[in-house]
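Enquirer: Sharing a structure below in C-alpha cells format, with a few things to ask.
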Amino acid sequence: AQKVTQAQTEISVVEKEDVTLDCVYETRDTTYYLFWYKQPPSGELVFLIRRNSFDEQNEISGRYSWNFQKSTSSFNFTITASQVVDSAVYFCALSGPPRTTDSWGKLQFGAGTQVVVTP
Amino acid sequence: ETGVTQTPRHLVMGMTNKKSLKCEQHLGHNAMYWYKQSAKKPLELMFVYNFKEQTENNSVPSRFSPECPNSSHLFLHLHTLQPEDSALYLCASSQDRGNIADTQYFGPGTRLTVL
C-alpha cells in the first residue's frame, strides 16, 4: 500500500523567511512518481512539480526547490524568501507505476500543510 | 477556455434533489478523474475514466453516478445525498500515454453543500 505523510499541519512564517515542507512516503513499487500541488484559497489544485523515482537530482524553480532523498523516502519542498501569495495548502502526492492494476492513475495524497505567510 | 473547468462552482442542494456536476478539459487528455475533498480529510479518489471507460470506482456510494460521454467531458450525477457528502469535488485530467504516470491537472472544484 502507498502512503504519504505530511507531518506539519500548519506553518506560519513572516514574509521573506524560508519555509520547508516535509513529505515522507511509503511504497513497495520500485518505479513511482512524486508530486507537489498548491491549493490556494480559491480551491484549485495547482501542479508544481513531478519527479520519478529514478531521478534523484534536486530541482530549483525560482523561489521553489525540492530535495528528493530516496534513502529516507522523503521529498521535501522549500520556499525561499516567502511571499504573502505563497499562503496556501501544499500537498505532496505519490503515484505508482503505470498500467498496473492497483496503482495506475491513483494519486495518493498527503494530508497537506497549510502555509501562512504574514507581511 | 483553457485547462480544466468545472461548473457550477458552488451548489447547495437538499437531500431529495437531483443535480449534476460538470467537468470539461481543454487539454486533449484521455483520462479524467473525480476527487472528493472533505474538511480535515485527505483528497479521496472517487472515479477514473480512461478513454471514456470507467477504470476505477473507489467504493463510492451509488448516490454518486459518473458519466463520461467523451474524453473531454465528465459528469457527476447526484441524488439523495447526505449532509456528510458536503465537500469540494475536484475534477482532474491527464494525458495517459500508457507507459508513464502522467501529471494530473485539476479544475477549480465545485463546493457542494447538502442541507
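The values are calculated or read from the model by the stated rules, or taken from the named source; none is laboratory data. Predicted model, so just to flag it, every value in this text is computed and none were measured. Positions of Cβ are generated from backbone atoms using ideal geometry, with glycine treated the same way; all protein chains shown enter the neighbour counts. Please note that ligands, DNA and RNA were not included when accessible areas were found on the heavy atoms of the full protein model with its side chains. Shrake-Rupley method; radii C 1.70, N 1.55, O 1.52, S 1.80 Å.
Enquirer: Give segment B:51-101 a look and list any residue that's part of a strand (DSSP E or B) and aromatic (Phe, Trp, Tyr), or say none. Working first, answer last.
Expert: Step one: list which residues in segment B:51-101 are part of a strand (DSSP E or B), which gives B:53-57, B:64-70, B:73-79, B:87-94.
Residues satisfying the conditions are B:64, B:75, B:89.
Enquirer: Given B:16, B:55, B:2, which one is β-branched (Val, Ile, Thr), closer than 21 Å to residue A:47 by Cα and open to solvent by 30 Å² or more (accessible area, probe 1.4 Å)? Steps first, please.
Expert: Numbers: B:16 fails: closer than 21 Å to residue A:47 by Cα; B:55 fails: closer than 21 Å to residue A:47 by Cα.
Result: B:2 is the single residue among B:16, B:55, B:2 that is β-branched (Val, Ile, Thr), closer than 21 Å to residue A:47 by Cα and open to solvent by 30 Å² or more (accessible area, probe 1.4 Å).
Enquirer: What pairs come up if the first residue lies in segment A:23-34 and is under 12 Å from residue A:4 (Cβ atoms), the second is open to solvent by less than 40 Å² (accessible area, probe 1.4 Å) and among the aromatic types (Phe, Trp, Tyr), and their beta carbons are under 6 Å apart, counting only those six or more places apart or on different chains?
Expert: Close Cβ pairs satisfying both conditions: A:23/A:75; A:34/A:75.
Enquirer: Could you check, for segment A:69-76, whether at least one of its residues is surrounded by 16 or more Cβ atoms within 10 Å (Cβ to Cβ) and farther than 20 Å from residue A:111 by Cβ?
Expert: No, segment A:69-76 has no match at all.
Enquirer: Can you tell me how many residues within segment B:68-84 are touching a residue at least 40 places away in the same chain (Cβ under 8 Å) and touching a Phe, Trp or Tyr at 6+ places or on another chain (Cβ under 9 Å)?
Expert: 7
Enquirer: For segment B:19-33, which residues satisfy the criterion of being within 14 Å of another protein chain (Cβ to nearest Cβ), outside any strand (DSSP E or B) and open to solvent by less than 60 Å² (accessible area, probe 1.4 Å)? If you could, list the steps in order and put the result at the bottom.
Expert: Going residue by residue through segment B:19-33, those that are within 14 Å of another protein chain (Cβ to nearest Cβ) are B:21, B:23, B:25, B:27, B:29-33.
Going one step further and asking which of them are outside any strand (DSSP E or B), we end up with B:27, B:29-30.
Within segment B:19-33, B:29, B:30 meet the criteria.
Enquirer: Right, next: Restricting attention to segment B:34-50, report how many residues are among the hydrophobic types (A, V, I, L, M, F, W, C), within 14 Å of the chain's Cα centre (by Cα) and part of a loop (DSSP other than H, G, I, E, B). Reasoning before the result, please.
Expert: If we filter segment B:34-50 for residues that are among the hydrophobic types (A, V, I, L, M, F, W, C), which is where we start, we get B:34, B:39, B:43, B:45-48.
Now drop any that are not within 14 Å of the chain's Cα centre (by Cα), which leaves B:34, B:43, B:45-48.
Narrowing the set further to residues that are part of a loop (DSSP other than H, G, I, E, B) leaves B:43.
Count: 1.
Enquirer: Name the pairs whose Cβ atoms lie under 8 Å apart, with the first residue in segment A:38-65 and at positive phi, the second not polar (S, T, N, Q), and 6 or more positions between them or separate chains?
Expert: The qualifying pairs are A:43/B:88; A:43/B:90; A:43/B:108; A:43/B:109; A:43/B:111.
Enquirer: Now a separate question. Condition test on residue A:42, is it among the small types (Gly, Ala, Ser), at pLDDT below 95 and not in a strand (DSSP E or B)? First the steps, then the outcome.
Expert: Details: among the small types (Gly, Ala, Ser): yes; at pLDDT below 95: yes; not in a strand (DSSP E or B): yes.
Answer is yes for this residue.
Enquirer: Inside segment A:1-36, can you point out the residues that are among the hydrophobic types (A, V, I, L, M, F, W, C) and surrounded by 18 or more Cβ atoms within 10 Å (Cβ to Cβ)? Full working, then the answer.
Expert: At the first step, the residues of segment A:1-36 found to be among the hydrophobic types (A, V, I, L, M, F, W, C) are A:1, A:4, A:7, A:11, A:13-14, A:19, A:21, A:23-24, A:34-36.
Scanning segment A:1-36 gives A:4, A:11, A:19, A:21, A:23, A:34, A:35, A:36.
Here is a yes/no grid of residues against (1) modelled with pLDDT under 95; (2) surrounded by 15 or more Cβ atoms within 10 Å (Cβ to Cβ):
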| site | (1), (2) |
| --- | --- |
| B:61 | yes, no |
| B:69 | yes, no |
| B:77 | no, no |
| B:80 | yes, no |
| B:83 | yes, no |
| B:88 | no, yes |
| B:94 | yes, yes |
| B:100 | yes, yes |
| B:109 | no, yes |
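Enquirer: Here is a further query. Within 12 Å of chain A (Cβ to nearest Cβ), in contact with a Ser or Thr (Cβ under 9 Å, 6 or more places away or on another chain) and assigned to a loop (DSSP other than H, G, I, E, B): does that describe residue B:108? Step through it out loud before you land on a result.
Expert: Details: within 12 Å of chain A (Cβ to nearest Cβ): yes; in contact with a Ser or Thr (Cβ under 9 Å, 6 or more places away or on another chain): yes; assigned to a loop (DSSP other than H, G, I, E, B): yes.
Criteria met by residue B:108.
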